[in-house]
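> Dumping the structure here so I can ask a few things about it.
Read-outs: derived from the displayed coordinates by stated rules, not from any lab. Since this is a predicted model, take the numbers as computed values, not measurements. Using ideal geometry, Cβ is built from the backbone for each residue, glycine included, and neighbour counts are taken over all protein chains shown.
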Ligand code: UDP
Ligand code: MG
């Protein structure tokens with residue numbers, strides 16, 4: 001059996017269509033399947049609509065959270081509750097085309113444990129989003145030793161083995177695409193065209209996007225922390241050279257000490273660096289705090305099978 005996990009947050013405008021398209025694709029497959037919708041605390045009619053669908057279709061299941069926990073938590077819950085021999089993660093908005101699933105299944109049957117969707121082109125997204133995400137994936141790759149494929153979202157198929165490995169990882173900072181790379185196994189990418197959102201608006205406003213980005217970096221690299229050491233050495237070297245210059249001027253020339261502006265500029269610059277480093281350390285400490293509290297990653301309100 002194949003499980004298709006769909007995280008949904010305020011998706012009342014697209015849910016009917018994605019249900020229809022997913023059913024078409026999965027119904028034409030030889031394997032049995034389940035469609036597991038994870039309702040991430042939607043405040044619109046999403047939940048009611050899925051409940052209606054559940055009544056008529058045995059393939060459809062609904063897991064509802066007590067509030068909005070975020071897409072990464074929703075995907076985690078989906079993996080925890082899915083029963084399939086393979087689990088497919090897909091967005092509800094049809095930006096990840098369901099028609100790619102059969103290709104993924106084929107690769108899985110050919111022996112791959114993870115088949116991830118690689119975005120060859122992206123339609124209907126702002127130039128800003130495309131550029132920042134392109135830069136981000138490359139930046140992340142340069143920071144970490146984990147082989148996280150670039151231009152890849154959460155759209156992927158995973159074998160049961162991989163899901164069990166993911167379930168054993170209890171960390172709260174869940175950057176799923178990174179975790180899936182971290183566990184290893186035989187992985188392969190299939191390229192696809194990322195479509196426009198079918199309806200509604202993105203559920204990833206700028207703030208959430210930044211959080212996901214920082215989550216990814218802090219979960220898979222501590223190089224930003226090492227920045228302090230590098231910068232510290234650099235500043236010390238600069239100061240030392242400047243000290244020599246001052247001594248030279250004092251002894252061999254009678255130049256008067258330069259004015260106020262340069263002092264203030266240096267002061268502001270170094271203060272800025274110190275604050276930046278404190279901020280970076282804060283990002284990590286905050287996450288350590290989250291881990292230590294050991295709260296659950298999500299809270300289930302209801303599960304309809
Ligand atoms: N999503 C979610 N919880 C959230 C935000 C998003 O479950 O807090 C779901 C959303 O319903 C969709 C998927 O995650 O199925 C991707 O979100 P979206 O399409 O808005 O992101 P984008 O494609 O714009 O990056
Ligand atoms: Mg989308």
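> Which whole-number percentage describes the relative contact order of the chain, with Cα contacts under 8 Å and a sequence gap of 6 or more?
23 percent
> Which value at 222 nm does the chain reach when only helices count, each DSSP H run of 4 or more adding -39,500 (n - 2.57), with the total divided by all residues and rounded to the nearest 500 deg cm²/dmol?
Rounded to the nearest 500, the figure is -17000 deg cm²/dmol.
> Can you tell me the orientation of helix 71-81 relative to the chain, as the angle in degrees between its alpha-carbon axis and the longest Cα principal axis, to the nearest 10?
So the inclination is approximately 40 degrees.
> Let me ask another. Translational diffusion coefficient, Stokes-Einstein: compute it for segment 59-192 using the Kirkwood radius over C-alpha pairs as Rh, at 10 °C and 1.306 mPa s, and state it as an integer in µm² s⁻¹.
101 µm²/s
> Quick one: grab the alpha carbon gyration tensor of segment 206-275, order the square roots of its eigenvalues as a ≥ b ≥ c, and give me rounded if a/c is under 1.5, else prolate or oblate depending on whether a/b is larger than b/c.
oblate
> Using per-residue counts of other Cβ atoms within 10 Å, averaged over each peptide, order 232-239, 277-284, 115-122 from highest down.
For the peptides 232-239, 277-284, 115-122, the packing ranking is 115-122, 277-284, 232-239.
> Also, I was wondering about something else. Packing-wise, with mean Cβ within 10 Å as the measure, how do 147-159, 187-199 rank, highest first?
147-159, 187-199
> Pull out a ≥ b ≥ c, the square roots of the eigenvalues of the alpha-carbon gyration tensor of segment 189-229, then state rounded if a/c is under 1.5, prolate if not and a/b is larger than b/c, and oblate in the remaining case.
It comes out oblate by the Cα gyration axes.
> Within segment 109-199, what percent of beta bridges assigned by DSSP are antiparallel, to the nearest 5?
Of all bridge pairs located within segment 109-199, approximately 35 percent are antiparallel.
> Specify the inter-centroid distance of segment 95-149 and segment 1-28, based on alpha-carbon positions, in whole Å.
19 Å
> Between segment 251-305 and segment 191-213, what is the separation of their alpha carbon centroids in Å?
Between the Cα centre of segment 251-305 and that of segment 191-213, the gap is 28 Å.
> Let me have the relative contact order for segment 66-202, percent, based on Cα pairs under 8 Å that are six or more residues apart.
Relative contact order for segment 66-202 comes out at 42 percent.
> Here's a follow-up. What FRET efficiency, computed as 1/(1 + (r/R0)^6) with R0 = 45 Å and r the Cβ-Cβ distance, is obtained for residue 186 and residue 48, rounded to the nearest 0.05?
Approximately 0.65, to the nearest 0.05.
> Which order, highest average first, do 204-211, 133-140 follow once you tally other Cβ atoms within 10 Å for each residue and take the mean per peptide?
Sorting 204-211, 133-140 by mean packing, highest first, produces 133-140, 204-211.
> Pop a pseudo-label 7 angstrom from the Cα along the beta-carbon direction at both residue 275 and residue 288 and give the gap in nm to one decimal.
For residue 275 paired with residue 288, the spin-label model returns 2.4 nm.
> To continue, here is another question. At 0.36 nm per residue, minus the direct Cα-Cα distance, what do residue 28 and residue 263 gain on full extension? Give it in nm, one decimal, please.
77.4 nm
> What ranking do 1, 176 get, fewest neighbouring Cβ atoms within 10 angstrom at the top?
With the sparsest Cβ surroundings first, the list reads 1, 176.
> While we're looking at this one, here's another question. Run the simple label-point estimate for residue 21 and residue 239 please: 7 Å along Cα→C-beta, distance reported in nm.
5.8 nm
> Continuing with this model, one more query. Please report the antiparallel percentage of DSSP beta bridges with both residues in the chain, rounded to the nearest 5.
35 percent
> Going by alpha carbons, how many degrees (0 to 90, nearest 10) lie between the helix axis of 260-293 and the longest principal axis of the chain?
Tilt of helix 260-293: around 30 degrees.
> Then there's this: Does the chain come out rounded, prolate or oblate, given a ≥ b ≥ c as the square roots of the eigenvalues of its C-alpha gyration tensor, rounded meaning a/c under 1.5 and, failing that, prolate meaning a/b above b/c?
Prolate, because a/c is 1.5 or more and a/b exceeds b/c.
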